[in-house]
Amino acid sequence: MKKISIIMPAYNEEKRIGKTLVYYSQFFDELMQKGKMDYEIIVVINNTRDRTHVIVEEAQRVNRHIRFLNLKEGGKGLAVIAGFKDALQRDATIIGFVDADMATPPTALYELMRSMNGHDGIIAARWRPDSTIINPWGVLGNLKSFVFNTLVRILFLFPYRDTQCGAKLFKREAIASVSDGIGITRWAFDIELLYKMRKQGFSIAEAPTVWENKEDTKIKLIKASAEMFLAVVRLRLVHSPLSFVVSAYDALPEQLKIHHRIWR
């Protein structure tokens, strides 16, 4: 029976992670009971300062398919990589990640898996006309997303309309090939993951999804825009003949650098 490993990075998610784990557990338990697939959920708690770990431990006692890692370090990229490496120690045939706020419901993640159709990976794309967006961003948020996605497509020659949606699934072999070679850049993590997989010849497709914008998201669009732009430019330079520019920047004294969180 096919097995999926679902990684959930969780940073200060005490208000949402409990509900997410209940819904995901119920949905995938039903699939398992019908003999359609086995599953595990790996919650990667990272640098949390609330009761996230307590809630996850309680959920684990109820559902043996829930595992968790509790990292002192923060960052989505670092958390997902840790989840990848943990999942590879067992027998999952499909490994992916999804946001802990349940912006992607379990039904949508399952449909994403069913859309793989022989590809090595599949990513959810919110900005396709056949996707369903609940509580969408306003005009400014949509414009920033469009500009960002356009920049990524130009710099990396991607065919994707949306690299940043938090729902992505890959075959075990694709994850194993890149899990040791990805950096932990906050905003460019997903892009580097896709770039390295494509460079190694893996076929990564995108599919429509159902996605809900959570009003209490921790992402502040105005501040995030500059961080996202600089992270993508840095990643493009790293994977180009101009990589020496990044090396020269990294060698500068700390007081001459842009804030570490933005340009890392």
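For region 230-254, enumerate the residues that are modelled with pLDDT of 75 or more, out of contact with any Asp or Glu (no Cβ under 9 Å at 6 or more places or on another chain) and open to solvent by 50 Å² or more (accessible area, probe 1.4 Å).
Answer for region 230-254, where residues must be modelled with pLDDT of 75 or more, out of contact with any Asp or Glu (no Cβ under 9 Å at 6 or more places or on another chain) and open to solvent by 50 Å² or more (accessible area, probe 1.4 Å): ARG236, PRO241.
Any residue that is of a type outside the set (Lys, Arg), surrounded by fewer than 19 Cβ atoms within 10 Å (Cβ to Cβ) and modelled with pLDDT under 90 - is there at least one of those in region 184-193?
Taking region 184-193 and keeping what is of a type outside the set (Lys, Arg), we get 184-185, 187-193.
Filter again for surrounded by fewer than 19 Cβ atoms within 10 Å (Cβ to Cβ), leaving 184.
Next, from what is left, pick out any that are modelled with pLDDT under 90: 184.
Yes, some residue in region 184-193 is of a type outside the set (Lys, Arg), surrounded by fewer than 19 Cβ atoms within 10 Å (Cβ to Cβ) and modelled with pLDDT under 90.
Suppose the filter is modelled with pLDDT of 75 or more, within 18 Å of the chain's Cα centre (by Cα) and surrounded by fewer than 15 Cβ atoms within 10 Å (Cβ to Cβ); does ASP180 pass it? So that I can check it myself, show each step before the final result.
Numbers: modelled with pLDDT of 75 or more: yes; within 18 Å of the chain's Cα centre (by Cα): yes; surrounded by fewer than 15 Cβ atoms within 10 Å (Cβ to Cβ): yes.
The answer is yes for ASP180.
Within region 49-96, track down each residue that is without any contact (Cβ under 8 Å) to a residue 60 or more places away in the chain, of a type in the set (A, V, I, L, M) and more than 20 Å from GLY166 (Cβ to Cβ).
VAL54, VAL62 - these are the residues of region 49-96 that are without any contact (Cβ under 8 Å) to a residue 60 or more places away in the chain, of a type in the set (A, V, I, L, M) and more than 20 Å from GLY166 (Cβ to Cβ).
If I filter region 161-174 for residues that are open to solvent by 10 Å² or more (accessible area, probe 1.4 Å), part of a helix (DSSP H, G or I), at pLDDT 95 or above and within 14 Å of ILE95 (Cα to Cα), do I get at least one hit? Explain how you work it out, then say what you get.
Within region 161-174, the first condition is being open to solvent by 10 Å² or more (accessible area, probe 1.4 Å), and the residues that meet it are 161, 164, 171-173.
Still in the list and also part of a helix (DSSP H, G or I): 172-173.
Those left that are additionally at pLDDT 95 or above: 172-173.
Still in the running and within 14 Å of ILE95 (Cα to Cα): 172-173.
Among the residues of region 161-174, at least one is open to solvent by 10 Å² or more (accessible area, probe 1.4 Å), part of a helix (DSSP H, G or I), at pLDDT 95 or above and within 14 Å of ILE95 (Cα to Cα), which makes the answer yes.
The values are calculated or read from the model by the stated rules, or taken from the named source; none is laboratory data. Computed from a prediction, not measured in an experiment: that's the story for all the values here. Counting neighbours? That spans all protein chains shown, and the Cβs are built from the backbone with ideal geometry, glycine included. These area figures cover heavy atoms from the full protein model, side chains too; ligands, DNA and RNA do not enter into them. Shrake-Rupley method; radii C 1.70, N 1.55, O 1.52, S 1.80 Å.
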